[in-house]
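The values are calculated or read from the model by the stated rules, or taken from the named source; none is laboratory data. All values derive from a computational prediction rather than experimental measurement. Positions of Cβ are backbone-derived with ideal geometry, glycine not excepted, and every protein chain shown enters the neighbour counts.
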Amino acid sequence: MGIIGGRLAHWMLRNRAPRGAAAESFQSRSGATQLEELFGGDFFEVIRGRTVLDYGCGAGHETVEMAQHGATRVIGLDVRERWITRAREHARQSGVSDRCTFVTQTEEHADIIISKDAFEHYADPGAVLHQMSALLAPGGCVLAAFGPTWLHPYGGHLFSVFPWAHLLFTEAALIRWRSSYRSDGATRFSEVEGGLNQLTIRRFERLIRESPLRPERLETVPIKKLGPLRLPLLREFGSSIVRCKLVHR
């Protein structure tokens, strides 16, 4: 993986993005306003009166939004305790603490499981699919949307200082560059904050086939103005988002 390393790579990366600013800006998104865009204009009608599990809830913005739009109960699940603390405070300030709960683990079943911008970060996305299946109530569904995937021009997220930089430079070179402005001790992509598992569309589809879930719907959204890249041979490089509805087999 990657063909440019060593001193040349370090020099190129330091000159292109000395403090990672260009890469970091790519990750900024509007957050809660994306729920209807990603899951459909009728999304809030679908969750009305239901128990929803927000898998990988982060600071709880979507969790709170779903409670505000009619979900009977919303469970925010995240392994990072500091995000759980922030999410609880956000729910309290928003007046929905009675309908939201935030945990680092749960055995409670949900009618609908939501996963937004998370599958490319899980250390073991296959295990996550199995856990989602175990937490899904009979007749329920998983709604997942994530991207960019690994072969997208910016699939390296913070490591994509320019298109496909994460494929051009070696992992060691990119980690060394990152260490010049981040001192958390990460030595691999999977160890950076939030994790990065190099998930491709093809691998995601294989993991679904190996799980207790099946896709009732799965689509890839092409990069704007790059519709021709929807072709099977090119969709890995030209798709911006993967979104799907998964149900029990």
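Brief remarks on what is shown
- Taken together, ALA123, ALA173 contain a single residue that is among the small types (Gly, Ala, Ser) and under 26 Å from THR85 (Cα atoms), which is ALA123.
- Output for the range 55-93, where each listed residue is in contact with a strand residue (DSSP E or B) (Cβ under 8 Å, 6 or more places away or on another chain) and among the hydrophobic types (A, V, I, L, M, F, W, C): CYS57, VAL64, MET66, ALA67, ALA71, VAL74, ILE75, LEU77, ILE84, ALA87, ALA91
- Screening the candidates VAL52, VAL79 for the property of being buried (at least 23 other Cβ atoms within 10 Å of the Cβ) and within 22 Å of the chain's Cα centre (by Cα) yields one hit, VAL52.
- Scan of the range 133-163 for residues that are out of contact with any Pro (no Cβ under 9 Å at 6 or more places or on another chain), small (Gly, Ala, Ser) and not in a loop (DSSP other than H, G, I, E, B), ordered by number: ALA137, GLY139, GLY140, ALA144, ALA145
- Qualifying residue in the range 101-124 (condition: modelled with pLDDT of 95 or more, touching a Phe, Trp or Tyr at 6+ places or on another chain (Cβ under 8 Å), in a helix (DSSP H, G or I) and in the same structural domain as VAL242 (by TED's automatic domain parsing)): no
- PRO153 vs. criteria modelled with pLDDT under 95 and surrounded by fewer than 15 Cβ atoms within 10 Å (Cβ to Cβ): no
- In the range 106-118 there is at least one residue that is over 19 Å from the mean Cα position of the chain (by Cα), crowded, with 21+ Cβ neighbours inside 10 Å, over 30 Å from MET1 (Cβ atoms) and of a type in the set (Gly, Ala, Ser).
- Contacts under 8 angstrom Cβ, first residue in the range 164-181 being assigned to a loop (DSSP other than H, G, I, E, B), partner of a type in the set (A, V, I, L, M), 6 or more apart: THR170/MET1; THR170/ILE3; THR170/ILE4; THR170/ALA9
- Residue under evaluation ASP184, criteria (1) touching a His at 6+ places or on another chain (Cβ under 7 Å); (2) farther than 21 Å from PHE162 by Cα; (3) at pLDDT below 90, criterion not met: (1)
- For the range 82-91, the criterion of being of a type in the set (Lys, Arg), surrounded by fewer than 20 Cβ atoms within 10 Å (Cβ to Cβ), closer than 27 Å to ILE241 by Cα and at pLDDT below 95 is met by none of the residues.
- For the range 182-214, a tally of residues being assigned to a loop (DSSP other than H, G, I, E, B), over 15 Å from the mean Cα position of the chain (by Cα) and not β-branched (Val, Ile, Thr) returns 9.
- Boolean, GLY238 is at pLDDT below 90 and either of a type in the set (Asp, Glu) or surrounded by 14 or more Cβ atoms within 10 Å (Cβ to Cβ) (or both): yes
- Listing of helices (runs of 4 or more DSSP H) fully contained in the range 4-45 that carry 2 or more residues being at pLDDT below 70: 21-25
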